[in-house]
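These notes concern the structure reproduced below.
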Amino acid sequence: MSKKILLMDAFSTIHVGNGALLENTIQLCKKAYGEDCHISIISTDIETNKLKYDNLYENVFLSNFKRGQSKLYKLAWLSKQMLLILMHTINVKTFNFPLHKLPAKKVQKETFKAIEETDICISLFGEGIKNSTSKSLPFWLFTFWLAIQKGKDFILFPQSIGPLTKPWARKLTYFALKDAKLYTGRDKPSYKELLSLGFDSHRVMYVPDVAIAQEKGEADIYKYFTNKSKKVIGITISNAPKDEVGKSIDFVETISPQIELLDNEQYQILIMPSNYLRDDVSEDYKLCVKLKERLNNKFDVEILENRPYFPDEYSALLSQLELFISTRMHVMILATTMFTPTIAIYTQHKLMGYMKNINMEKYCIKYEKLNTIAELAQELIENRDNIVEKLKNENSKLKQEHDQFLQRLREV
């Protein structure tokens, strides 16, 4: 009988990074439990994910929260969620009725039933357990705890953990997940953070991000350009989260002068936003448009369409670049997985964590070193063949870590 797997916290594939997490988590599950394993997904964006996936369910708590509402609305919403949590806590500790038999909205009942009927529950969050997510963290943790209380095998798939310094958040995380089967951090600091929380060290692993297993799809980068002779440099920028770097920075004004030092006779630019919105324009896309307008003064510049890009298509584009520059982690991972020389801008510690994983930390640039982009870009271009070979070797080493992870998954 095939295993039933429930992915408990998938976000939206409208963000290429989240799509890479989802697609490659599914592939790892199939390798571990067989191609015929039944996979269901709790998603915060069913409309986008249903373009590629089946068996989708709403997030129990956060899918019915409307942003931008009044304090009264937030208080009423929070009160309802607390009642739901209290009801389910009492139930699993006393009568233990099936989750979907308790009062709830229809979409919530369907999700609770999916939890009830699965064998293995997986968190592929990415970076949900940290200080900056403390407002939503209790709701995620409660859903995980509830699955564990119902006897489901729970696995924390490779993700960034921390910084998590708030005492209540650390205690709640330990309490909710102490009976999980396996915990994995996707970089060494995350691995150490998991150990510091007090989990059984025999169940804690360092496992590289699942996106290193991404397979390339179909795409032609020159459909965006009329000139087929110039090589293409790809760039994506985004607003940096202040909770990690402590300040805001205008990437258009700081990166553009460095790009303009490159040879416009040899190179043209493809701006590659990686976060989108359905029926709207994301902040990432708006920022990338500004970058395009600035670089238009010197280069032939194009920008990706304002639509979702699944990771296989995006990876195919990355594989054809001469060089990639990124403030976003997962598309940077996809680029190096496609063996494309890459410069990462240190907007979050997880970017440096990954670049250290592949011994390319020299090309992860902190803010005070942004004036070295042109120099490093030229270095990567001049030594491109050697860099490509190094990326191939490092990717192969990381995949060996995945082999060990697969063995542990099969034991679960």
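The values are calculated or read from the model by the stated rules, or taken from the named source; none is laboratory data. These numbers come from a predicted model, not from an experiment. When we count neighbours, we look across all protein chains shown, and the Cβ atoms used for this are built from the backbone with ideal geometry, even at glycine.
Does A344 count as assigned to a strand (DSSP E or B), touching a strand residue (DSSP E or B) at 6+ places or on another chain (Cβ under 7 Å) and either in the same structural domain as I249 (by TED's automatic domain parsing) or buried (at least 23 other Cβ atoms within 10 Å of the Cβ) (or both)?
yes
Mind checking which pairs have a first residue in the range 51-71 that is assigned by TED's automatic domain parsing to the domain that holds T13 and a second that is at pLDDT 90 or above and small (G, A, S), Cβ under 7 Å, 6 or more apart or different chains?
N55/S40; L56/S43; Y57/S40; Y57/A114; L62/S136
Filtering the range 128-153 down to residues that are of a type outside the set (S, T, N, Q), farther than 19 Å from L78 by Cβ and touching a Gly at 6+ places or on another chain (Cβ under 9 Å), which residue is modelled with the highest pLDDT?
The selected residue is I129.
In the range 310-322, is there at least one residue being assigned to a strand (DSSP E or B), under 20 Å from the mean Cα position of the chain (by Cα) and at pLDDT 95 or above?
No: zero hits.
Of everything in the range 284-305 that's surrounded by fewer than 20 Cβ atoms within 10 Å (Cβ to Cβ) and in contact with a helix residue (DSSP H, G or I) (Cβ under 6 Å, 6 or more places away or on another chain), which residue is nearest to V331 (Cα to Cα)?
Result: I303.
Within the range 212-229, is there a residue that is hydroxyl-bearing (S, T, Y), assigned to a helix (DSSP H, G or I) and within 18 Å of L351 (Cβ to Cβ)?
no
For H100, which of the numbered conditions (1) over 28 Å from M1 (Cα atoms); (2) surrounded by fewer than 22 Cβ atoms within 10 Å (Cβ to Cβ) fails to hold?
Exception for H100: condition (1).
Just one of (1) farther than 25 Å from E215 by Cα; (2) crowded, with 16+ Cβ neighbours inside 10 Å trips up E411, so point out which.
(2)
Which residue pairs have Cβ atoms under 8 Å apart, sit 6 or more places apart or on different chains, and have a first residue in the range 284-305 that is without any contact (Cβ under 8 Å) to a residue 40 or more places away in the chain and a second that is of a type in the set (F, W, Y)?
Y285/Y276
Would you check which residues across the range 177-226 are farther than 21 Å from W140 by Cα, of a type in the set (K, R) and in contact (Cβ under 8 Å) with a residue 12 or more places away in the chain and list them?
Passing the criteria: K188, K216.
Which of the residues that make up the range 55-92 are charged (D, E, K, R) and either buried (at least 16 other Cβ atoms within 10 Å of the Cβ) or at pLDDT 95 or above (or both)?
At the first step, the residues of the range 55-92 found to be charged (D, E, K, R) are 58, 66-67, 71, 74, 80.
Passing the criteria: only E58.
Please state which one of I358, I373 is within 30 Å of K30 (Cβ to Cβ) and buried (at least 19 other Cβ atoms within 10 Å of the Cβ).
I358
From the list L146, L137, exactly one residue is without any contact (Cβ under 8 Å) to a residue 40 or more places away in the chain and either surrounded by 15 or more Cβ atoms within 10 Å (Cβ to Cβ) or at positive phi (or both). Which is it?
Of the residues listed, the single one that is without any contact (Cβ under 8 Å) to a residue 40 or more places away in the chain and either surrounded by 15 or more Cβ atoms within 10 Å (Cβ to Cβ) or at positive phi (or both) is L137.
Please find, among K66, K74, the residue that is basic (K, R), part of a helix (DSSP H, G or I) and more than 21 Å from Q149 (Cβ to Cβ).
Criteria check complete, one pass: K74.
For the range 178-190, give me each residue that is buried (at least 19 other Cβ atoms within 10 Å of the Cβ) and under 17 Å from L409 (Cβ atoms).
If the condition is that a residue be buried (at least 19 other Cβ atoms within 10 Å of the Cβ) and under 17 Å from L409 (Cβ atoms), then A180, L182, Y183, T184, G185, R186 are the ones that fit.
For the subset of the range 154-191 comprising residues that are in a helix (DSSP H, G or I) and of a type in the set (S, T, N, Q), which member is modelled with the lowest pLDDT?
S190
Could you tell me which numbered condition P167 fails, if it satisfies all but one of (1) more than 24 Å from A20 (Cβ to Cβ); (2) touching a residue at least 12 places away in the same chain (Cβ under 8 Å); (3) not acidic (D, E)?
Looking at each condition in turn, P167 falls short on (2).
Is it the case, given these coordinates, that L21 is surrounded by fewer than 22 Cβ atoms within 10 Å (Cβ to Cβ) and among the aliphatic types (A, V, I, L, M)? Write out each step before concluding.
Working: surrounded by fewer than 22 Cβ atoms within 10 Å (Cβ to Cβ): no; among the aliphatic types (A, V, I, L, M): yes.
Spelling it out, it is not the case that L21 is surrounded by fewer than 22 Cβ atoms within 10 Å (Cβ to Cβ) and among the aliphatic types (A, V, I, L, M).
Among what's in the range 15-58 and is part of a strand (DSSP E or B) and among the small types (G, A, S), pick the residue that is farthest from A147 (Cα to Cα).
S43
Please list, ordered by first then second residue, the pairs with beta carbon atoms under 8 Å, 6 or more apart or interchain, first in the range 262-282 and crowded, with 18+ Cβ neighbours inside 10 Å, second assigned to a loop (DSSP other than H, G, I, E, B) and of a type in the set (D, E, K, R).
These pairs meet every condition: Y267/K230; Y267/E322; Q268/K230; Q268/D300; I269/D300; S274/R328; N275/R328; Y276/R307.
Answer with yes or no whether N393 is surrounded by fewer than 21 Cβ atoms within 10 Å (Cβ to Cβ) and not in a helix (DSSP H, G or I).
No.
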